[in-house]
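Just so it is clear, none of the values below were taken in a lab; they were calculated from the coordinates. Since we're looking at a predicted model, the values are computed, not measured. Cβ sites come from the backbone with ideal geometry, for glycine too, and all protein chains shown count toward neighbours.
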Amino acid sequence: ADDLLANGIEVVILGRRGQEDTGTLLRAVYDRSLPNRVVQVLGPAVELPAGHPAFGRRQLDGQATAYVCRGQTCSLPVTEPAALAALLNTR
C-alpha cells in the first residue's frame, strides 16, 4: 500500500465505455506493465471530487480524453493512444 501511494499512476479517461476512442486509450494503458496503475473511465459529465488531482478536467472536442496523474499532479490532456503511451513510459 505504501508503494502504491508513493509511486502510483492514476489514469483518468473521460469517455464512454464501448466507444472506439475510449477503447483505444484503454488499450494503450493495458498494453503496458504498470503494477501501480489505477484506471478510471468516467462519463464526460461526471465530476470528480474537489480533492482529486483531475478535478475540473474535461474532454477535448468531444473525444475520449486521458489524464495521467502522479501524486497530486496530472498531465495535460491527451486524446491519441501514442501520446498516452509516451506519458506512461516516462517515470
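Quick notes
- Spin-label proximity, ALA45 to segment 52-91 - amide N less than 15 Å from point 7 Å beyond Cα toward beta carbon: 59
- Per-residue ellipticity at 222 nm, computed for the chain from helices alone with -39500 (n - 2.57) per DSSP H run of at least four residues, works out to -8000 deg cm²/dmol.
- Cβ-based net charge around CYS74, under 13 Å, with every Lys or Arg adding one and every Asp or Glu removing one: +2
- Label-point gap, in nm, between ARG32 and ARG58 - each point 7 angstrom along Cα→Cβ: 2.7 nm
- Label corresponding to log10 I(q)/I(0) by the Debye sum over Cα atoms at q = 0.17, 0.20 Å⁻¹ when calculated from the structure given, among (1) -0.75, -0.95; (2) -0.57, -0.80; (3) -0.66, -0.91: (3)
- DSSP-defined beta bridges in segment 12-84 - what % are antiparallel, rounded to 5: 70 percent
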